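Only the coordinates and a few stated rules stand behind these numbers; no lab work does. Bear in mind that the values here come from a model prediction, so they are computed numbers and not experimental data. Cβ atoms come from the backbone with ideal geometry, glycine included; neighbour counts cover every protein chain shown.
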Amino acid sequence: MATRRPIITLLGHVDHGKSSILDKIRGTSIVSREAGGITQAIGCSIVPLSTIKKICGNLLNIFKSGLNIPGLLFIDSPGHAAFTSLRKRGGSLADIAILVVDINEGFKPQTIESIEILKANKVPFVVAANKIDLIPRWNYDKSKLLLQNIEGSDYQVQGEFERRMYEIVGKFSELSLQSERFDRIQDYTQQVAIIPVSAHTGQGIPELLMVLTGLAQKYLEKQLQAEVEGNSKGTILEVKEEKGLGTTIDALIYNGKMKVGDTLIVGSLDKPFTVKIRALLEPEELHEMRDKKSSFKNVKEVVAAIGVKISAPGLDVAIAGMPLRSTSNSQDVEILKQEIEEEVDEVMSFEAEEQGIMIKADTIGGLEALRNLLQGKNIPIASATLGDLTKKDLSSLESLKDKGEFTGVLLGFNINIPPALDEQIRIKKLKIITHDVIYKVIEDYEKYVESLKREVEMQQLNKLVRPCKFAILKGYLFRQSNPAIVGVEIEIGKIKSGDPIMNDNGKHISSVKSMQEGKDSVTVAEQGKQVAMAMDNVTIGRQINEGDYLYTEIPENDFKKLKELRAHLSKREIEVLKEIAVIKRRTNPVWGAS
């Protein structure tokens with residue numbers, strides 16, 4: 001057993017600086033390469049302890065007993081896509097996460113989502129409060145450390161900085177999390193450390209590395225114990241097509257040793273499959289892995305924790321986020337297959353609802369994250385599957401839609417819709433919401449549900465007798481009776497053909513037989529309109545007179561439903577509704593009350 005490097009990933013809202021912080025850490029390390037420098041591995045960057053010491057300098061003097069971690073391993077693909085692939089049995093592969101928050105913008109929807117994902121996976125995290133250089137009149141002296149720069153600022157700049165810092169602290173408090181600036185932390189097990197940084201200038205990067213190193217050293221000692229011999233354990237970060245190699249997988253190995261010639265056991269949706277490792281590849285020194293022109297070097301073996309590209313025949317069916325095992329002992333293959341199968345089942349199995357939405361994602365971890373967030377919002381899920389949209393999915397979605405419009409929806413995280421299915425989706429009017437950001441998928445679904453709810457409620461509302469108050473105009477008597485036809489002006493609300501009418505004493509007068517606006521017949525008349533209204537069984541000059549005010553006679557059940565749907569009524573309609581209730585309760589004190 002040996003202490004491995006802690007695995008660190010970054011999350012946060014789009015454009016808050018995840019990639020920039022990682023680039024600055026990598027860039028700073030490259031500048032300091034005489035002290036050991038950065039090593040590029042597939043999907044990650046390794047910052048050795050010697051480089052951390054060079055960057056942090058005297059900041060590390062607080063660790064009196066010395067440091068024994070070999071360095072830090074940063075995942076090179078920041079964000080949810082990488083994080084949701086970083087999983088192992090029982091949780092996340094990430095030992096520590098950096099939540100990046102723009103100190104000037106504060107919390108955004110994806111910030112909240114990131115925190116929910118971290119909490120669900122029980123991953124400790126620190127906050128990089130980025131873009132401090134954009135605070136007005138912020139000064140940066142390269143010769144000084146972060147706290148010295150803050151203390152050297154004038155009181156107005158310090159005041160503005162503290163205000164923005166404590167807005168972040170306040171937001172955490174609203175989420176029932178305690179947080180504090182890193183130098184004021186009393187208990188790292190109870191409080192989230194906030195490190196102010198600038199990815200642009202590099203200010204705060206030494207302090208960020210110090211805090212990460214300290215957390216790993218003090219709290220993750222047991223977690224970082226890994227085998228350096230024997231069967232390896234890992235997860236697929238990405239499946240890629242490489243020129244001259246065919247389909248390869250970028251993998252993170254977090255335990256054991258992997259060698260060329262080993263049997264690789266790969267998790268899948270069906271049963272785990274096996275391939276023979278033909279080559280293990282690492283980037284050439286100092287090559288940027290996001291550059292497609294990067295060249296590779298062959299290695300015979302790799303030891304955890306490390307990222308590596310694996311070349312083997314038969315990897316074209318591999319799926320990002322699936323677990324891996326490798327062994328040189330053929331007797332272990334069946335045991336490792338069972339281990340992987342149980343791990344996949346643990347994530348894929350859940351209690352499906354008979355009436356719920358469908359969800360799909362490109363990785364097993366992405367699916368798990370989407371499912372957890374939806375369940376946290378009490379949104380029922382009927383099925384959860386991996387991969388791009390299929391014809392079978394559309395058939396299932398059609399069945400769900402028949403059960404209910406609200407749940408007859410498919411949500412997809414980072415999946416593709418084959419163009420061949422577009423026509424079928426359009427003809428059958430199926431609702432599919434996809435995005436490459438989880439919170440956007442959920443946000444768009446919630447907006448859809450709200451609009452659908454409004455549509456359904458408006459349909460219900462249109463079937464009810466709406467509150468309406470209207471006046472019989474003087475000088476516009478067209479027929480006295482059989483039916484009476486008279487000009488009216490709608491003062492408040494709306495009235496439709498067939499609606500019953502009462503006077504201001506609550507006595508039934510008639511109902512709307514028909515209405516005409518100019519030469520056109522209309523079925524609905526709204527506030528401000530003047531129409532000719534025909535009414536049966538009433539005589540102008542007897543039951544009603546010119547100048548009278550009349551109301552719609554709302555049935556008691558309609559009144560109760562209108563109260564439920566009052567969000568769709570105008571303020572003046574609600575006032576008329578109350579007037580009608582007062583009139584009705586003169587003869588029946590409990591009318592509409594239950």
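Below is a table of values for the structure above.
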item: Options Ala484, Asn505, Leu577, ranked by Cα towards positive dipole end of the range 468-584, top entry (Cβ charges); result: Leu577
item: Theoretical ellipticity at 222 nm over the chain - DSSP helices of four or more residues, -39500 (n - 2.57) apiece, nearest 500; result: -9500 deg cm²/dmol
item: Footprinting exposure proxy for Ile574, Ile442 (fewest neighbouring C-beta atoms within 10 Å first); result: Ile574, Ile442
item: Integer Hz, Karplus 6.51/-1.76/1.60 couplings in order for the range 320-330, x for Gly and Pro; result: 4, x, 6, x, 10, 9, 9, 8, 9, 9, 4
item: Kirkwood-Stokes translational diffusion coefficient of the range 138-272, alpha-carbon pairs, 20 °C, 1.002 mPa s, µm²/s; result: 111
item: Relative contact order, percent, the chain [alpha-carbon distance under 8 Å, six or more residues apart]; result: 10
item: For the range 539-565 versus the range 457-487, the gap between their alpha-carbon centres in whole angstrom; result: 9
item: Net charge dipole size for the range 164-275 [Lys, Arg +1 and Asp, Glu -1 on Cβ; Debye, nearest 20]; result: 60
item: Relative contact order of the range 468-584, pairs being alpha-carbon contacts under 8 Å that are 6 or more residues apart, as %; result: 32
item: Members of Lys171/Lys447; Lys131/Lys447; Lys24/Lys276 lying beyond 26 Å, as alpha-carbon distances in this model show; result: Lys131/Lys447; Lys24/Lys276
item: For the range 311-329 and the range 246-269, distance of Cα centres in Å; result: 5
item: Flagged links, alpha-carbon separation over 21 Å, of Lys18/Lys377; Lys222/Lys309; Lys18/Lys218; Lys494/Lys560; Lys53/Lys297; Lys469/Lys560; result: Lys18/Lys377; Lys222/Lys309; Lys18/Lys218; Lys53/Lys297
item: Projected-area mean, the chain, by convex hull of Cα positions, square nanometres; result: 37.5
item: Vicinal HN-Hα couplings computed from phi for the range 558-574 (Karplus, 6.51 cos²θ - 1.76 cosθ + 1.60; Hz; Gly/Pro x); result: 5, 4, 5, 5, 4, 5, 5, 9, 4, 4, 9, 9, 6, 4, 6, 5, 5
item: The range 2-226, relative contact order in percent, only Cα pairs under 8 angstrom and at least six apart counted; result: 26
item: Two-decimal Rg/Rh across the range 2-226, once Rg and the Kirkwood Rh are taken from alpha-carbon atoms; result: 0.93
item: Calculated from backbone phi, Karplus (6.51, -1.76, 1.60) coupling profile of the range 472-489 in Hz, x at Gly/Pro; result: 7, 6, 6, x, 10, 8, 9, 7, 6, 7, 6, x, 6, 10, 8, x, 10, 10
item: Unit charges on C-beta of K, R, D, E only; dipole of the range 387-460, Debye; result: 200
item: Charge dipole of the range 350-462 about the Cα centre (unit charges at C-beta), most positive-ward option of Leu411, Ile379, Ser451; result: Ser451
item: Of the trypsin sites (Lys or Arg not before Pro) in the range 88-136, those whose Cβ has at most 12 other Cβ within 10 Å and which sit in DSSP loop; result: Lys122
item: Lys, Arg +1 and Asp, Glu -1 on Cβ, resulting dipole of the chain about Cα centre, debye, nearest 20; result: 680
item: Which of Met165, Met322 has the fewest Cβ neighbours within 10 Å, and the rest in rising order; result: Met165, Met322
item: Tilt relative to the chain, helix 391-403 - C-alpha long axis, 0 to 90 degrees, to 10; result: 40
item: Gap separating the Cα centres of the range 128-185 and the range 363-388, nearest whole Å; result: 36
item: Which of Phe559, Phe63, Phe413 has the fewest Cβ neighbours within 10 Å, and the rest in rising order; result: Phe63, Phe559, Phe413
item: 5 angstrom amide H check on Ser514, placed H, neighbours 5+ away; result: Ala534
item: Among Gly366, Leu550, Phe273 the positive-end extreme of the charge dipole of the chain (Cβ point charges); result: Leu550
